[in-house]
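This report concerns only the one structure given below.
The values are calculated or read from the model by the stated rules, or taken from the named source; none is laboratory data. Remember, predicted model here, so these are calculated numbers, not experimental data. Ideal geometry is used to build each Cβ from the backbone, glycine not excepted, and the neighbour counts take in all protein chains shown. Just so you know, the surface numbers come from the protein's heavy atoms only, side chains and all, with ligands and any DNA or RNA stripped out. Shrake-Rupley method; radii C 1.70, N 1.55, O 1.52, S 1.80 Å.
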Amino acid sequence: MEWETVIGLEIHVQLATRSKIFSGASTAFGASPNTQACAIDLAMPGTLPVANEEAFRFAVMFGLAMNAEIGKRSVFERKNYFYPDLPKGYQTTQLAEPIVGSGVIEIELGNGERKSIRLHHAHLEEDAGKSLHEDYHGMSGIDLNRAGTPLIEIVSEPDMRSAEEAVAYLKKIHSIITYLGISDGEMSQGSMRCDANVSVRLKGDETLGTRCEIKNINSFKFVEKAIKVEAERQIDLIEDGGKVVQETRLYDSEKNETRSMRSKEVANDYRYFPCPDLLPVILDDDYIEQIRQSLPELPDAKRDRFVSEYQLSSYDAAVLTADRATADFYETVAKTSGEPKLAANWVMVDLAAHLNKSEQTLADCKVSAEHLAGLISRIKDGTISGKIAKQVFEAMTEGEGSADQIIDKRGLQQVSDTGALEKMVDEVIANNQSQVDNYKAADEKKRPKMLGFFVGQIMKASKGQANPQAVNEILLKKLDEQ
Amino acid sequence: MHTKTIAQLVSGLRSKAFSSVELTRHYLDRINSLDSKYNSFVTVTDDIALAQAEAADQRLAAGDASPLCGIPIAHKDIFCTLGVRTSCGSKMLDNFIAPYDATIVENYQRAGAVMLGKTNMDEFAMGSSNETSYYGPVKNPWNTQCVPGGSSGGSAAAVAALLAPAATASDTGGSIRQPAALCGLTGIKPTYGRVSRWGMIAFASSLDQAGTLTHTAEDAAIMLNAMASFDAKDSTCVDQPLEDYTAPLGDKLDGLTLGIPEEYFGEGLNPQTAERVQAAIKVYESLGAKVKAISLPHTHLAVPAYYVIAPAECSANLSRFDGVRYGYRCAEPKDLADLYKRSRGEAFGDEVKRRILVGTYALSAGYYDAYYNKAQQVRRLIKQDFVEAFKDVDVIVGPTAPNPAFEFGAKGDDPVAMYLEDIYTIATNLAGLPGLSIPCGLVDNKPVGLQLIGNYFAESRLLNAAHQFQLATDFHQQLAPETA
C-alpha cells in the first residue's frame, strides 16, 4: 500500500507594530514580566479596545504579497474561552469576515519543481499572554506582556503532500513576511509559530483522512520532523487496524514523537460573535492601491531579476533571495565590486560557512557588504591572490576592518615587482641545484609538472604573496638560462 | 439649598450666596444623616468632595469657571473613579479600585463639578428594581416600601431625596428613564455614541449609554453639555460636533409633530398611567404641537430580542471577572477550574448568573442562528420602524414604564414580569436613539413618567420639548414626601 500525507498549516505571525493591536502598550520582546501590559491588556473593567491601523496595513501588505483577496470589510469577533493568560476571557479575532481572503503562492521543491499552495485566508487577532509554571512551586505566574500583540494567522488549504513541502511553504511565508518587514519572523522567540494539520490516506483516494493538529511547533527542523513522525504514527495505527482520532497533539523534540494534548477530545464551543466594542473596518480601493504601490520587491521577483541581471543560476538566485537581509547584502557586494559571480560565491560559500560555524546572523557578523566587495575588488585587480583573500576574509570576521586596511597592516600585497621576484627565483635556483639538474635533464613533457616545485618554493618564500603568473614567467626564463 | 435646581445653584455660587464648600458640606451632611433611609450611596467621598469644592471656589473667585464648577454631583458606581472603589453593585468588585477615571468622570472634573460619592445600582446594571445590588436594595424616596427602579436606582433615589442635585447614570434597556419615571425625575439617555463608554463597566456594549438624572430638563441640558464628548478611546463614540443643549431650550413648540405609537398604549399599561400620559399629550397640544398616531409594528419583539442580545454580550463582557487579576477570588482554590467556578459562583448574584447563562446558551453552537442572529435581524427591523416613523414626526411620545413604582419583592419570582417593566424603553436602546423621561403626574402618590424619543443626535430637540412642558406644568417641582 502506498500512503500519501496531506498537510495544511496554520501559521501565527507576530506583526512588528510598535504598539499592541488594541492598546498603546509596547510590543518589544524580552521585557520583565507585566511591564508592557496596560489596563486594556489586563482587561480592567470599563476599558475598551481601539484597533491599531498599522496592524491592518501590515495585514494588507501580506495579503497583496500572497496574491490574495483583501477583505474590504473585516469584522472582529470574540472567541470565548477561559484561560489565565487570556485576560478578557475571550480572544478578539476574525472569523466570518477576515482581512485577507483566499490566495495562492508558489513554492520551490528540492528537485527544482514548483508547486502552487493555496491560502484559505489570513486573519488579524490578538496574542495571549504566557503562563509561567517554573519557579512558582505548585502555582503559575502570568506574564501579560505578550497579551494583545498583533498576530496574523495564515491558514493554508491542505495542499502539501510531504514534510519537505510543508517546510518549503513555511520558509516561503517566512521569506515573504521578512521581505515585507511586517515581522522579524524569529521562530525561536515565538514571532512565528506553526500548527500542522496532518492526515494520511491511500494514494489515489479522493477523501481526506482524519486529521490531527500538532500545536505550536517552533522551528523549521521540528516542523519537518513532527510531520514525518506523526504521519508514520497514523500509518502504523491504520495498518494495525486502528483508527485515527481527531485531536490536538504536541511534538516532543527530545523523544521525537507526538503525543495527545487532551485525554479526550472535547469539542470546544467558542461561541464566536461580532465584538460590539469594535466597528467593522472598511478599506477603500485607494488605501489598498497605495499599499500595493509601496510594496517592496518580493522574493520571487528578486530571484528572477538576479538570474537576468547577474547571470546567476536559478538555484543560486533562490538561495541568495531566500531572506531579504542576505539578498540585500549580496546585491551590495555584487554592485560595489562589479563581480556578481564572485560575489555569489563568496556570500554562498565563505560567508555562509563562517555564519554557520560562528552561529551568527548577518546582523551580528563583522563582515560588511562593503568590506566583502572591497576584498573581491582587490582579487580582481591583482593586489592579492585568491589564497591570500581567504586570510584577509578571516581577519575581516575578527573585525579588523576593510580589505585594504588588513592588506596594508599585514603587508599582504601580491609581489609583482620583477626585480624582487627575480631575486627570489635566483635564490631558489641556487639553493636547489639538484632539482635544477633533474629539470634540465627531463623530457619537455615532464617539465611543466616539475616547475611546480620551484613555484611552490617561491610562494613559500614570499608567504604566498608572489604573483604566480609573474613567477612562472621568470622561472621559465631563468631555468632556460641555466 | 437642596431644593434648588442646578441652574439656581449656579447663580447662587456666582452671586456668592454660598460657596461650593458650603454647598458641598450641606449635601454631605444630608447624605450622612438621611441616606440610611434610602441606601442610595455605596461610597461617600467626603474628603475628595471638599477638596474639589475648595478648588472650585478658587476657580469661581478667579472668574474662570464653567457652569458646573462647584456643583456637587453623584456618580453611578458603574463609572470607574481613580483611587475610589468602583463596585458596579457587585461582590465581585467590592475590593476594586480603578487606576483610571471614566471619560465622563474626567469631563465633569474638568468642568469643576464636585463628586459627592458613588451611587448604588443593580449588580452590573442588571435589573429594573435595584434589588439585585450586593449592597442591598435602594428605597424609593416617594414610598420606601417601593423600588426606585433600576438599574440606576441609587442615582435616582439620591436626586429624588435631594441628597444630590444631579447624578450620572447609565441606560442599557431603560436604566435611566425607568428610575427617572419611578422617582419623579428628568432622565436622559443620549444617542448611542454621543457619550464615551471608556471607564463605564460594560453590561451590553452595543446598548450601554451614559446619561443623567436631574429634576429638570434645563439641568439635564447643563449636565449633558459637560458629559458629551468625542473620545478616541471608545471606538463606538461618534465624532459629532458638540452642541450647547441649553441654547434651544426656550424655543416654542409650534409646528412640532409628536408621534403617538399605538403599540405603547396596549395591554399591560396601567390605566391610570395611561391617563397621565394622555393628559400630558394634551398639554403638548396646548403648546402648539401637532399629534399624529403612528405605528412601531415590531415593538412586541423588542423585549425578546433584547433578552438575547444583552445577555449574549454580557456573557462575554463578564468573563474577565475570573478571580485571576483583580476583584473577588475564592479562598484556597484547589485548581484552576475551582478558582473560576467558586470565584464567579460566590461573587455573582442570581440575576447576573441568569443572564450569563442565557447569553451563553444563545451563542452556543446550534442555537446561534435561532437566537443571536434572529435577534439581530429583529433589531434591524425595530430600528427601521423608528427610521420610518421619524420621516413623519419629530418626537415620539408615550409612557416610560407601564406602572408606577412597585413594592419590594413584587416581581422577585418572575424575571419576565420584571423584564416587561422595560417594555417601552428597550426599543430605544436597540435602535441607538436618544430617549428622555419627565414626570407627568402621580398615581397613588407615586410619580409617572412621560417618555420622549428623538431621532439620532436630536438631544437638543428632546430637551427643548421637555423644558417647554416643564414651563407649562409643575410635576417636576413635586418633591418626594419628607425630603424638603
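With contributions of -39500 (n - 2.57) from each DSSP H run of at least four residues, the per-residue ellipticity at 222 nm computed over chain A stands at -12500 deg cm²/dmol. The residue A:394 and residue A:207 beta-carbon pair, evaluated with R₀ = 51 Å, returns a calculated FRET efficiency of approximately 0.30. For the chain pair A and B, the buried solvent-accessible surface (1.4 Å probe, both sides summed) amounts to about 2700 Å². Here the Karplus relation 6.51 cos²θ - 1.76 cosθ + 1.60, evaluated at θ = phi - 60°, turns the backbone of region B:16-21 into coupling constants of 6, 4, 7, 9, 5, 5 Hz, with x for every Gly and Pro. Of the solvent-accessible surface of the protein assembly as shown, computed with a 1.4 Å probe over protein heavy atoms with every protein chain present, carbon and sulfur atoms account for 50 percent. Accessible surface computed residue by residue for chain B, with neighbouring protein chains in place and a 1.4 Å probe, gives 33 Å² per residue.
By the helix-only formula, in which each DSSP H run with n ≥ 4 contributes -39500 (n - 2.57) and the sum is divided by residues, chain B has a 222 nm mean residue ellipticity of -11000 deg cm²/dmol. Compute the long axis of helix A:324-337 from its Cα atoms, compare it with the longest principal axis of the Cα atoms of chain A, and write down the angle in degrees, 0 to 90, nearest 10. Value to nearest ten degrees: 30.
Principal axis analysis of the Cα atoms in region A:382-432 yields extents of 42, 19, 16 Å, listed in decreasing size.
The modelled label-to-label distance for the pair residue A:472/residue A:284, using points 7 Å beyond Cα in the direction of Cβ, is 7.1 nm.
Ranking B:394, B:422, A:381 by solvent-accessible area of protein heavy atoms (1.4 Å probe, all protein chains present), from largest to smallest, gives A:381, B:394, B:422. Over region A:141-251, what relative contact order in percent results from Cα pairs under 8 Å that are six or more residues apart? Worked out over region A:141-251, it gives 24 percent. With the Kirkwood sum run over all distinct C-alpha pairs, region B:303-442 has a hydrodynamic radius of 17.8 Å. Tell me whether region A:311-410 comes out rounded, prolate or oblate; compute the Cα gyration tensor, take square roots of the eigenvalues as a ≥ b ≥ c, and use a/c under 1.5 as the rounded threshold. Taking the square roots of the gyration eigenvalues as a ≥ b ≥ c, region A:311-410 is oblate.
What the pair-distance distribution of chain A shows, using all Cα-Cα distances binned every 10 Å from zero, is 4, 15, 21, 20, 15, 9, 7, 6, 3, 0, 0 percent.
Between helix A:163-180 and chain A there is an angle of about 90 degrees, using the helix long axis and the longest principal axis of the Cα atoms.
Placing unit charges on the Cβ atoms of the charged side chains and taking the dipole of chain B about its Cα centre, the candidate lying farthest along the positive direction among B:452, B:217, B:78 is B:78. Extending 7 Å from Cα along the Cβ direction at residue B:46 and again at residue B:471 yields two label points whose distance is 4.3 nm. Under a no-solvent Debye model with one identical scatterer per Cα of chain B, what's log10 I(q)/I(0) at q = 0.06 Å⁻¹? These q points yield log10 I(q)/I(0) values of -0.23. Residue by residue, region A:63-77 carries 3J(HN,Hα) couplings of x, 5, 5, 8, 6, 9, 5, 9, x, 5, 10, 10, 10, 7, 10 Hz when phi is fed to the Karplus relation 6.51 cos²θ - 1.76 cosθ + 1.60 (θ = phi - 60°); x denotes Gly or Pro. Based only on Cα atoms, what mean projected area does the convex hull of region B:126-180 have, in nm²? Seen from a random direction, the Cα hull of region B:126-180 projects 3.4 nm² on average.
For the protein assembly as shown, the percent of C-alpha pairs falling in each 10 Å distance bin, counted from 0 to the bin holding the largest distance, reads 2, 10, 16, 17, 14, 11, 9, 8, 5, 3, 2, 2, 1, 0. Normalising the average separation of contacting C-alpha pairs (under 8 angstrom, six or more residues apart) by the number of residues puts the relative contact order of region A:418-481 at 48 percent.
For the pair residue B:338 and residue B:283 in one chain, pulling the backbone fully straight at 0.36 nm per residue adds 13.8 nm over the alpha carbon distance. Principal semi-axes of the equivalent ellipsoid, √(5λ) from the alpha carbon gyration tensor of region A:203-357, are 42, 29, 16 Å from largest down. What percent do you get for the relative contact order of chain A when only Cα pairs under 8 Å and 6+ apart count? Result for chain A is 13 percent.
Hey, if you drop one equal point scatterer on each alpha-carbon of region B:173-216 and run the Debye formula without solvent, what base-10 log of I(q)/I(0) do you get at q = 0.15, 0.28, 0.34 Å⁻¹? Log-scaled intensity ratios, in q order: -0.37, -1.01, -1.21. For residue B:110, the solvent-accessible surface with a 1.4 Å probe is about 150 Å², rounded to the nearest 10. Among beta bridges from DSSP that stay inside the protein assembly as shown, the antiparallel ones total about 85%. Amide H to amide H distances under 5 Å link residue B:76 with B:119, B:168, B:169, where only residues 5 or more positions off or on other chains count and H is placed in the peptide plane. Computed over region B:336-389, the P(r) tail beyond 15 angstrom holds 65 percent of alpha carbon pairs. Altogether, the Stokes-Einstein calculation at 4 °C and 1.567 mPa s, with the Kirkwood radius of region A:418-481 over Cα pairs as Rh, returns a diffusion coefficient of 111 µm²/s. In terms of its alpha-carbon gyration tensor, region B:1-130 comes out prolate; a/c meets the 1.5 threshold, and the first ratio a/b outweighs b/c. Using the Cβ-Cβ distance between residue B:240 and residue B:290 with R0 set to 30 Å, the FRET efficiency from 1/(1 + (r/R0)^6) comes to roughly 0.60.
You can think of it this way: the chain between residue B:346 and residue B:26 has 111.3 nm of extra reach, that is 0.36 nm per residue less the Cα-Cα gap.
Looking at region A:418-481, the accessible area is 61 square angstrom per residue; that uses a 1.4 Å probe and ignores ligands, DNA and RNA. For region A:3-287, the average shadow cast by the Cα convex hull is 16.6 nm², which is a quarter of the hull's surface.
The spacing between region A:1-64 and region B:67-125, judged by their C-alpha centroids, is 33 Å. On full extension, the segment bounded by residue A:432 and residue A:246 gains 58.9 nm, given 0.36 nm per residue less the C-alpha separation. Each principal axis of region B:224-350 carries a Cα extent, and these read 69, 40, 23 Å when sorted largest first.
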